[in-house]
Amino acid sequence: MKKSASVSSPASNPRLEFSVRTSAPALPTVILKPGEADRVVAGHPWIYAGCISRLTAEARDGEVVQVEDSRRRPLGIGFFNSKSKIHVRMVAPERVAVDQAFFEERIRAALAVRQRYLPDATSFRVVNAESDFLSGLIVDKYDDVLVLQTSSLGMDQRKPLILAALKAIFKPRAIIERNEMASRKFEGLPDANGALFGALDGPVPIQLNGLTFEADLRGGQKTGYYLDQQVNYRLVADFVKMLPGAQVLDCFCFQGGFGLHAAKAGAAQVLLLDQSEETIVTAQRLAKTNGVAGQCTFEATNVFDWLKTHGSAAPHEKVIPRFDLIILDPPSFTRNRASVPDALRGYKEIHLRALKLLRPGGVLATFCCSHHVDTNLFQDVILSAAYDARKVLRRVAQYTQSPDHPVLPSVAETEYLKGFAFELAR
């Protein structure tokens with residue numbers, strides 16, 4: 001019987017393997033100092049200038065380079081930038097072509113994670129930079145419009161490839177660029193905003209958990225909305241079902257994400273506070289759109305001042321608790337480690353005042369979006385405020401960012417949003 005012809009694979013034919021490996025042009029190679037490869041092997045994509053022993057050849061900023069450990073064992077490839085403290089951002093653990101097909105494959109893989117954990121969502125973060133192995137790239141989906149952010153030089157130079165991949169996968173109505181982040185300056189990149197594809201006129205209506213909100217993709221917060229709280233809106237609103245006739249206070253409400261969800265869940269009355277008059281006007285309009293205007297009242301005010309005024313009493317008087325559910329979701333109080341002590345004082349202040357307004361058996365749902373304040377430190381601040389207020393808390397829930405903002409434990413920077421729900425025990 002005649003044997004069929006077989007084709008040798010590179011793994012089974014050393015001579016063929018050598019020819020395949022050497023067919024691609026040589027890349028400049030970044031060789032790390034001893035002991036500096038561990039973080040890369042564990043999945044952290046950032047290589048700082050001080051971690052590098054030498055380059056085997058000159059590398060242009062934005063160019064793909066090969067990375068090796070101190071013993072010349074390959075670790076993968078990344079984008080090089082001599083202007084940044086992060087000299088290399090890893091993009092793959094092996095030598096691959098960084099072309100449109102590469103971005104399509106990575107973005108589809110990221111999308112599959114969202115479809116698995118947020119199957120009903122129509123607005124969500126598609127790519128979360130390091131969390132999806134695309135350091136320096138963020139893509140948010142607001143219904144049929146995409147928003148793109150490129151915070152690294154390597155990604156910024158490859159915007160045409162990324163745009164082509166996004167069009168092929170999503171067929172969006174428009175793609176908007178929101179590139180005014182401070183991090184771009186550290187990469188030597190200027191601000192850049194506007195439509196990269198298609199046209200956009202006004203805010204985009206979006207659906208979150210069955211409620212309608214508006215994403216201002218040209219001038220709104222973040223890329224247009226706080227998508228990282230999408231799941232938490234629903235989870236916190238569930239407490240309303242346990243608190244008949246609930247009186248709710250939503251502090252730093254923005255468009256009313258928490259407050260409108262609470263009203264839809266059946267709260268008797270919701271008071272929404274935010275410093276921005278424009279935001280309050282939007283929240284009022286959305287309350288009507290979602291059919292809960294009769295349950296909601298709004299106030300444009302400095303929330304710190306409001307809490308201080310309503311959470312204080314004259315000598316020999318006592319603050320009368322008014323609320324069954326209080327939500328604290330302030331903007332980040334700190335952008336760097338040096339300002340953490342001031343931030344902690346701010347967090348303690350708002351918790352101290354809020355606890356005085358919470359009825360026994362009521363729930364305080366509170367959040368911190370600063371990476372520099374970790375979960376344990378945040379809880380310590382809350383408990384310190386409770387001690388000063390002579391209150392005892394029972395922790396009933398713990399929160400993190402929605403699953404479209406995945407957390408990689410090996411990359412601490414991917415985890416920034418943390419939250420708790422405490423029931424006032426007495």
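Of the numbered conditions (1) of a type outside the set (D, E, K, R); (2) surrounded by fewer than 21 Cβ atoms within 10 Å (Cβ to Cβ); (3) within 30 Å of residue 98 (Cα to Cα); (4) at pLDDT below 95, residue 197 satisfies every one except a single condition; which is it?
Unmet condition: (4).
For the stretch 398-426, name all the residues that are buried (at least 19 other Cβ atoms within 10 Å of the Cβ) and small (Gly, Ala, Ser).
402, 419, 421
Could you grab the pairs with beta carbons closer than 7 Å, sequence gap of 6+ or different chains, first residue in the stretch 202-218 and at negative phi, second one part of a loop (DSSP other than H, G, I, E, B) and among the aliphatic types (A, V, I, L, M)?
From the stretch 202-218, the pairs are 204/217; 217/200.
Regarding residue 381, is this residue assigned by TED's automatic domain parsing to the domain that holds residue 260 and touching a Lys or Arg at 6+ places or on another chain (Cβ under 8 Å)?
Here the answer is yes, as residue 381 does meet what is asked.
Would you mind listing the strands (runs of 3 or more DSSP E) fully within the stretch 157-244 where at least 2 residues are of a type in the set (A, V, I, L, M, F, W, C) and either in contact with an Asp or Glu (Cβ under 9 Å, 6 or more places away or on another chain) or outside the structural domain of residue 120 (by TED's automatic domain parsing) (or both)?
The strands (runs of 3 or more DSSP E) meeting that bar are 192-198, 204-208, 211-215.
Considering only the stretch 87-96, state which residues are surrounded by 20 or more Cβ atoms within 10 Å (Cβ to Cβ) and in contact with a helix residue (DSSP H, G or I) (Cβ under 8 Å, 6 or more places away or on another chain).
87, 89, 90, 91
If residue 283 meets every condition in (1) among the small types (Gly, Ala, Ser); (2) touching an Asp or Glu at 6+ places or on another chain (Cβ under 8 Å); (3) surrounded by fewer than 12 Cβ atoms within 10 Å (Cβ to Cβ) apart from one, which number is that one?
Only one criterion in (1) among the small types (Gly, Ala, Ser); (2) touching an Asp or Glu at 6+ places or on another chain (Cβ under 8 Å); (3) surrounded by fewer than 12 Cβ atoms within 10 Å (Cβ to Cβ) is unmet by residue 283, namely (3).
Looking at the stretch 182-192, is at least one residue surrounded by 14 or more Cβ atoms within 10 Å (Cβ to Cβ) and at pLDDT 95 or above?
Scanning the stretch 182-192, I find no residue that is surrounded by 14 or more Cβ atoms within 10 Å (Cβ to Cβ) and at pLDDT 95 or above, so the answer is no.
Please list, ordered by first then second residue, the pairs with beta carbon atoms under 8 Å, 6 or more apart or interchain, first in the stretch 266-292 and touching a residue at least 60 places away in the same chain (Cβ under 8 Å) and under 19 Å from residue 216 (Cα atoms), second crowded, with 19+ Cβ neighbours inside 10 Å and among the basic types (Lys, Arg).
If the second residue must be crowded, with 19+ Cβ neighbours inside 10 Å and among the basic types (Lys, Arg), the pairs left are 290/264.
Any residue in the stretch 72-93 that's within 14 Å of residue 32 (Cβ to Cβ): show its pairings with residues that are acidic (Asp, Glu) and in a strand (DSSP E or B) at Cβ separation under 8 Å, as long as the two are six or more apart or on different chains.
Close Cβ pairs satisfying both conditions: 74/68; 75/68.
Would you check which residues across the stretch 293-322 are at pLDDT 90 or above and either among the charged types (D, E, K, R) or not assigned by TED's automatic domain parsing to the domain that holds residue 354 (or both) and list them?
Selection gives 299, 305, 308, 322.
Answer yes or no: is there a residue in the stretch 233-241 that is hydroxyl-bearing (Ser, Thr, Tyr) and within 30 Å of residue 49 (Cα to Cα).
Among the residues of the stretch 233-241, not one is hydroxyl-bearing (Ser, Thr, Tyr) and within 30 Å of residue 49 (Cα to Cα), which makes the answer no.
Of 421, 389, which residue is closer than 27 Å to residue 117 by Cβ, of a type in the set (Gly, Ala, Ser) and touching a residue at least 24 places away in the same chain (Cβ under 8 Å)?
None of the other options fit; the residue is 421.
Working carefully through the options 394, 359, 345, 335, find the one that is of a type in the set (Lys, Arg) and surrounded by 15 or more Cβ atoms within 10 Å (Cβ to Cβ).
359
Of the residues 62, 43, 35, which single one is on the phi > 0 side of the Ramachandran plot, surrounded by 13 or more Cβ atoms within 10 Å (Cβ to Cβ) and at pLDDT 95 or above?
62
The values are calculated or read from the model by the stated rules, or taken from the named source; none is laboratory data. Just so we're clear, the structure is a prediction, and the values are computed from it rather than from any experiment. FYI the Cβ positions are ideal-geometry reconstructions off the backbone, even for glycines, and counts take in every protein chain you see.
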